[in-house]
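Quick note: the coordinates plus some simple rules give every number you see, no bench work behind them. Remember, predicted model here, so these are calculated numbers, not experimental data. Reconstructed Cβ throughout: ideal geometry from the backbone, glycine too, with neighbour counts over all protein chains shown.
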Amino acid sequence: MARVLICDPVADDALNVIRQAGHEVVVKTGMDQDTLVETIPGFDAMVVRSATKVRVPVLDQARDSLKLVVRGGVGVDSIDVDHAEKLGIAVKNTPAASSVAVAELALAHMLACCRGVTGADHAMKEGRWEKKAYSKGKELFQSTLGLIGFGRIAKETARRAQAFGMNIVFHDPYATEDPSIAAKKVDLETLCKQADFISLHVPHNDETHHILDASKFAMMKQGTVIVNCGRGGTIDEESLLQAIESGTVHSAGLDVFECEPLTGAESPLVKSDKVVASPHVGAGTVGASSRVGAEVASIIVDFFK
């Protein structure tokens, strides 16, 4: 029997599967790092999503018992993977489970940005019929979508973008062109110059930190739309705001930010009427939560067989 610590919400059905396999499940969500360090000793496995960070102090404190860390989601940048591996602790994630949900949100942000959906909605609710102001939208049809990163989520985004008649280019030094998707691999500078819409799908690390900065915004077409449903820290937010104010960037749809949680009261970027903001909810659908939970349960049950 393994003792499993659930640090972030996981679907009840998945927890029941783990229990039925004979394991003890302890649910303790919302812990800060100090509480997590105090709590983790004695557990064989821990499950986290985006909220909980598994850093060196946590891993060191757990080294005598912990065998597995499962990240319910795509990226593992919230886990010090190299240190875990040095301690013999396996790290696994659920890369396929939430890909569709994040891809759909990326498209939702594109549509909201190019048709002024949130602004028009606010005007209507305030009793203003601003037909002329919101009749100058951009179309996805026959525009070019540039994907930074070409992993599972980017490919799901590309498939949906093709249904809108978009042309697709991508930049990813670790990926090749996929015969099932009409997407051309280009360098980052070419992508910035050609794309009408740019969507980021990369982890945040030293290589991708501020991958879109002032120099990249300067290369872009006037009126480019930026979407980030990947990771905060990959865009230089101050430079993005300047590009919006200059008109280089038409608008931006952002689900992730360099500092989270974040509100409009703290961020001029979020307050901009050219920004559609959501609070890191890319995987926040009932379907995705169910798939993530099922994959988490499967990983744990198989690992401890």
Q. Of 296, 186, how do they rank once you tally other Cβ atoms within 10 Å and put the fewest first?
A. 186, 296
Q.
How far apart, in nanometres, would the label points at residue 29 and residue 174 be if each is projected 7 angstrom from Cα along the Cα-to-Cβ direction?
A. 2.9
Q: Could you work out how far the C-alpha centroid of segment 240-305 sits from that of segment 1-34, in angstrom?
A: 24
Q) Spin-label point model (7 Å from Cα, Cβ direction): what's the residue 82 to residue 302 distance in nm? A) 2.8
**Q.** Exposure proxy order (Cβ contacts within 10 Å, fewest to most) of 235, 6
**A.** 6, 235
Q.
Can you compute the FRET efficiency between residue 139 and residue 190 using 1/(1 + (r/R0)^6), with r the Cβ-Cβ distance and R0 = 25 Å? Round to the nearest 0.05.
A. 0.65
**Q.** Local electrostatic count at residue 235 - Lys and Arg +1, Asp and Glu -1, tallied over other residues with Cβ under 10 Å
**A.** -3
Q.
List the trypsin sites (Lys or Arg not before Pro) within segment 129-202 that DSSP assigns to loop and that have no more than 13 neighbouring Cβ atoms inside 10 Å.
A. 131, 132, 136
Q | Whole-angstrom gap from segment 149-181 to segment 35-63, using each part's C-alpha centre | A | 35
Q. With a sphere of radius 13 Å drawn around the Cβ of residue 3, what net charge do the other residues whose Cβ falls strictly inside it have (Lys, Arg +1; Asp, Glu -1)?
A. 0
Q | Residue-wise HN-Hα coupling along segment 61-77, computed from phi with Karplus coefficients 6.51, -1.76, 1.60 (Hz; x: Gly, Pro) | A | 5, 9, 4, 6, 10, 5, 10, 8, 10, 10, 9, x, x, 8, x, 10, 6
Q | Theoretical ellipticity at 222 nm over the chain - DSSP helices of four or more residues, -39500 (n - 2.57) apiece, nearest 500 | A | -10500 deg cm²/dmol
Q) Hey, what does the equivalent ellipsoid look like for segment 99-277, semi-axes from the Cα gyration tensor as sqrt of 5 times each eigenvalue, largest first, whole Å? A) 25, 19, 15
Q. Going by how many other Cβ atoms sit within 10 Å of their own, how do 114, 7, 259 line up, fewest first?
A. 259, 114, 7
Q: Give me the distance in nm between label points sitting 7 Å out from Cα along the Cα-to-Cβ direction at residue 128 and residue 61, one decimal.
A: 5.0
Q | Loop GluC sites (Glu not before Pro), segment 97-198 (other Cβ atoms within 10 Å of the site Cβ: 16 or fewer; DSSP) | A | 126, 130, 139, 177
Q. What is the sum of charges around residue 86, taking Lys and Arg as +1, Asp and Glu as -1, for the other residues whose C-beta is under 15 Å from the C-beta of residue 86?
A. -2
